[in-house]
Amino acid sequence: MNFLRRATFAALSTAALAVVVTTPALATETIKLTAIDGYPARALWVKEFTNFFIPKVNEKLAQTRNYQIDWTEAYGGTIVKPKGVLEGIKLGLGDIGIVTTIFHNSKLPSQAISAVTPFIAADARVVAKAVDEIAKEFPQMAKELDEQNQVYLATGVVLDTYQIFSKKPVSSIKDLNGAKVAGAGYNMRYVEGLGAVGVRGGLTNFYTMLQTGVVEMAMLWPEAAKTFKISEVAPYMIKADLGAVNTKTVTVNKAVWKKLPDEVKKALQATAVEYRDHVAGLAMSRAVASRDAFTKSGGKIIEVSAEERAAWAKSMPNIAVKWATDLDKSGGPGSEMLRAYIAKLRAAGFSPLRDWAAELPK
C-alpha cells in the first residue's frame, strides 16, 4: 500500500512539475506580422530577410518566451510591386518591409546620401554602417519616414559597387557618348557628363529593356547581374567601381509599431542592424564569385583606368551639392549630413576621387 501511495505521489508530482515547466510556453503571446517586398524571393535582400532576419528575431524572442511572431511573407508582387512598398506599409497593407528608397527621392530625399556621392567607397559594409550612423545622428531620415507613417529600423546596402553592363564592347568611357543607360534614381545622372542618357528602369525589367533595344547599357552590380541573367543580353561589364549605395531600408508601419511590446521592438531593432551587416557582408563576399560567374557565362570585363575614372568623376555635375543645398532650403541639415558622411568614409580608409563636400557653398 505504501509503495502504491509513493508511486501515486511521484506521478502526481511529475505531472505538476510538467505543468509548471510548460506554463511559460502556453503563456506566450502571439503577434501577427506581414512582411512585404515587391521584389521576388530570389533577390538577395529578400532571401536573407527570410533566412536571416526572421529566424534571428524569433531566436531573440524565444529566450524569454513572452512573445512569438506569426509571420506572413508576401513578396514578388503578391501585395505590392517593387515601387509600392513605401505606400504599402504606409497604408497598412504590410506591417514590416524593405523599402527600395531610390524610387522615392522626393519623399525620402535624405536616403540618397550615398547615391549622390559616387567614386568614393566600393564597400557595402562601410557604406551601410556610415549611412545608418548618419540616420541615428541626424533625425532627418526618421522624420521623412514618420511622414510616410513608418518607423526606421536600419538601412541596407545590397551591392558592392555599381558597374555598367553593355550590349556592345567599349574601348574607353568616350564610347558611352550617345548611349542610353538604364538606371534608377540618382545613378542615371552619373553618365550625363559623358554624353549618355539615363533611362529609368529597375532590376526586374533591365533584362527586357536591354533585350528589346530600349537601352544599350544598364547600371547594376555583379550579384544582381548574375541573379537576373544580364550576361545573356549585355555581355560586357565596364568595371568603373562607381561605388556602393544604400538602396534598401527596413521599416515598420507606425500604428503597428506603437502596439508592439518593448521586448519585440528591441528584438526588431537589434536584428535590423545585424541584418544590415549580414547583407552587406554577403554583397561583398559574393561580388568576386558573381564576377567569375559573369565571365564563365560568356561575359567580358573591361577595366576602366584610374585616369578615366578621374575624368569621369570630374565630368559629372555635382549632384551631392545640389542634394545637400536643396535639403538645406527645406529646413533639413543637408550640408552637415554630407560633410559628416564623407568624413565617416574617410575615417574608414576611403578617399573621395572627387571631394563633393569641398564644393559646398562657404
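Worth a mention:
- For the range 249-276, a residue qualifies if it is among the polar types (S, T, N, Q), over 14 Å from VAL99 (Cα atoms) and touching a helix residue (DSSP H, G or I) at 6+ places or on another chain (Cβ under 9 Å), and exactly one does: THR271.
Matching residues to (1) touching a residue at least 40 places away in the same chain (Cβ under 8 Å); (2) within 19 Å of PHE103 (Cα to Cα); (3) open to solvent by less than 20 Å² (accessible area, probe 1.4 Å); (4) not in a helix (DSSP H, G or I):
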position	(1), (2), (3), (4)
VAL126	yes, no, no, no
ALA130	yes, no, yes, no
VAL151	yes, yes, no, yes
THR155	yes, yes, yes, yes
ASP175	no, no, no, no
GLY178	no, no, no, yes
VAL181	no, yes, yes, yes
THR204	yes, yes, no, no
VAL215	no, no, yes, yes
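- Residues in the range 247-285 that are within 30 Å of ALA311 (Cβ to Cβ) and either modelled with pLDDT under 95 or touching a His at 6+ places or on another chain (Cβ under 7 Å) (or both): THR247, ALA283, MET284.
- Cβ-Cβ distances below 6 Å connect the following pairs, each with a first residue in the range 26-48 that is closer than 19 Å to GLN150 by Cα and assigned to a loop (DSSP other than H, G, I, E, B), a second residue that is open to solvent by 10 Å² or more (accessible area, probe 1.4 Å) and of a type in the set (Val, Ile, Thr), and a separation of six or more residues or different chains: GLY38/VAL80.
- Flag for ALA311 being more than 23 Å from the chain's Cα centre (by Cα), of a type in the set (Gly, Ala, Ser) and part of a helix (DSSP H, G or I): yes
- Test: residue in the range 193-200 that is open to solvent by 50 Å² or more (accessible area, probe 1.4 Å) and within 22 Å of ASP37 (Cα to Cα): yes
- Restricting attention to the range 132-149 and to residues that are part of a loop (DSSP other than H, G, I, E, B) and out of contact with any Lys or Arg (no Cβ under 8 Å at 6 or more places or on another chain), the residue that is surrounded by the fewest Cβ atoms within 10 Å (Cβ to Cβ) turns out to be PRO139.
- Qualifying residue in the range 287-300 (condition: surrounded by fewer than 13 Cβ atoms within 10 Å (Cβ to Cβ) and within 22 Å of the chain's Cα centre (by Cα)): yes
The values are calculated or read from the model by the stated rules, or taken from the named source; none is laboratory data. All values reported here derive from a predicted model rather than from experimental measurement. All Cβ positions, glycine included, derive from the backbone under ideal geometry; neighbour counts span all protein chains shown. Side chains are part of the model used for accessible areas, which takes the heavy atoms of the whole protein and leaves out ligands, DNA and RNA. Shrake-Rupley method; radii C 1.70, N 1.55, O 1.52, S 1.80 Å.
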